[in-house]
Amino acid sequence: MQKVSILGATGSIGKSTLDVLLKHPELFSVYALTANNNIEVLLQMARLCSPEYVVIADPTQFKQAKKLFSDGQLTCEVLAGHEALAQVASASEVDVVMAAIVGAAGLMSTLAAVEAGKKVLLANKESLVMSGDLFIQTANRYNAQILPIDSEHNAIFQCLPTEFKYGDLSSSGISKVLLTGSGGPFLTTPLNELHHVTPDQACAHPNWDMGRKISVDSATMMNKGLEFIEARWLFGLKASDIQIVLHPQSIIHSMVQYIDGSVLAQMGNPDMRTPIAHALAFPERIESGVLPLDFNQLANFTFTEPETERYPNLALAIQASSAGQYATTTINAANEVAVEAFLQGQISFMQIAQVNDECLQQTSSHSLKTIEAVLESDKSARRLSINIIEKLSHIAQRINT
Ligand code: NAD
Ligand code: MG
């Protein structure tokens, strides 16, 4: 029986994780569930799985959460704050940690799990984008097992040979990693209409049901950019080892091409319970609840190249990955601030990339050897992005009046 902590339990990945776990009560029990502030959903989830702990990251919700749980006669211990997140991620009783908090907020608890040498199911790609080298070094030092949850990276992992050595494509006869993406909801929207798209349109992904931040990232393809950086760190790839392929049907989740001409693809219905079940059971297989692919229903499989003009964020992220750690930390922070500003109606859809670009340009190269330096760099990129957004909003107001 393995004990699992789900960080970010109330989100899209968190809920899918609990769904898979509940199908296998003989294999897994839940040690902890965490949420930022959604205590009602946390309570409903706790009723289903009787965790030992629940954590509310936002400490202002602590009293209310304690009352709600005791009124609901749940016996689990209620904790609050970011230290409590790290505590349930690293507790000695825990075997598996699902890192599914969104954004930089997930960094410290994910790293706590890595430092405790856990089996870490990594959904929180932003933590790897921010701290790449440190993250991988820490995982090696503490013998943590990192299993990718992002569907593309999970697919690549499944298509690599078991004896694959980090960063060594040639010994395994691999010529390329093909990272697929759907292109999001604006794949065919006329370019001049992209300036006016709304947050709800951006969040309406054609194939995947996800949280709002990653949905906007999918629409701008920043998500693919972050995944490009994530793939480099997870598998030790050079930029030239990766090709991005648009596949709007989201049935192939990524591929590995070999020097003999073979291409291995991992396919399945677009449902995150497949990579979650794969990583939970690895190296075995368990049922996930995902419907099998029906090949009689798969009419078209198409593949194209992403257009640079439509997806400026993609090129920015790829450039950042070659510029170094400071650049990926900076673009990740700028993007989080810009996406939030777009969701709040402060900037337009295409201005997300403008904020990211200006923030990168205004940041000079600096080395990030410690986690404190990473956090400082993240903070200053956020300050800079807020200034850039304020200027853009002033300009928009002047134009409108
Ligand atoms: P979501 O917005 O649905 O859920 C986010 C979770 O994080 C919630 O439980 C929320 O309470 C918690 N959270 C938010 N801010 C927090 C904070 N400041 N402190 C502590 N907890 C906080 O997001 P999601 O779609 O489930 O995505 C989670 C992560 O998984 C992201 O990094 C995303 O990139 C990655 N991911 C998601 C999908 C998907 O299909 N949803 C696919 C691949 C990767
Ligand atoms: Mg993905």
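In the stretch 133-162, the qualifying residues are those that are of a type in the set (S, T, Y) and away from ligand 2 (no atom under 16 Å from the Cβ), and the one that is farthest from A123 (Cα to Cα) is T162. Restricting attention to the stretch 129-164, the residues that are under 17 Å from V97 (Cβ atoms), within 10 Å of ligand 1 (Cβ to nearest atom) and among the aliphatic types (A, V, I, L, M) total 1.
Screening E372, E390 for residues that are closer than 20 Å to T110 by Cβ, part of a helix (DSSP H, G or I), outside the structural domain of T110 (by TED's automatic domain parsing) and not polar (S, T, N, Q) leaves exactly one candidate, E372. Quick check: anything in the stretch 178-199 of a type in the set (G, A, S) and more than 30 Å from Q351 (Cβ to Cβ)? There is no residue in the stretch 178-199 that is of a type in the set (G, A, S) and more than 30 Å from Q351 (Cβ to Cβ). On inspection, D271 fails the criterion of being more than 21 Å from the chain's Cα centre (by Cα), acidic (D, E) and assigned to a loop (DSSP other than H, G, I, E, B).
Please indicate, with yes or no, whether at least one residue in the stretch 145-160 is within 12 Å of A89 (Cβ to Cβ) and buried (at least 20 other Cβ atoms within 10 Å of the Cβ). Scanning the stretch 145-160, I find no residue that is within 12 Å of A89 (Cβ to Cβ) and buried (at least 20 other Cβ atoms within 10 Å of the Cβ), so the answer is no. Criterion applied to I251, I214 was being β-branched (V, I, T), under 15 Å from the mean Cα position of the chain (by Cα) and within 16 Å of ligand 1 (Cβ to nearest atom), and the one residue passing it is I214.
Across the stretch 185-223, which residue is surrounded by the most Cβ atoms within 10 Å (Cβ to Cβ) among those that are touching a Lys or Arg at 6+ places or on another chain (Cβ under 9 Å) and in a loop (DSSP other than H, G, I, E, B)? In this case the residue turns out to be M221. Against the test of being in a strand (DSSP E or B) and within 19 Å of A315 (Cβ to Cβ), the options I229, I244 yield a single qualifying residue, I244. Annotation: of all residues in the stretch 21-68 being part of a strand (DSSP E or B) and β-branched (V, I, T), the one that is farthest from ligand 1 (Cβ to nearest atom) is V30. Scanning the stretch 372-385 for residues that are of a type outside the set (S, T, N, Q) and touching a helix residue (DSSP H, G or I) at 6+ places or on another chain (Cβ under 6 Å), we see that the one that is surrounded by the fewest Cβ atoms within 10 Å (Cβ to Cβ) is R382. Quick check: anything in the stretch 320-329 touching a residue at least 60 places away in the same chain (Cβ under 8 Å) and surrounded by fewer than 18 Cβ atoms within 10 Å (Cβ to Cβ)? Yes; the residues of the stretch 320-329 include at least one that is touching a residue at least 60 places away in the same chain (Cβ under 8 Å) and surrounded by fewer than 18 Cβ atoms within 10 Å (Cβ to Cβ).
The values are calculated or read from the model by the stated rules, or taken from the named source; none is laboratory data. Since the structure is predicted, the reported quantities are computational estimates derived from the model, not experimental observations. So basically every Cβ, Gly included, is an ideal-geometry build from the backbone, and we count neighbours across all protein chains shown.
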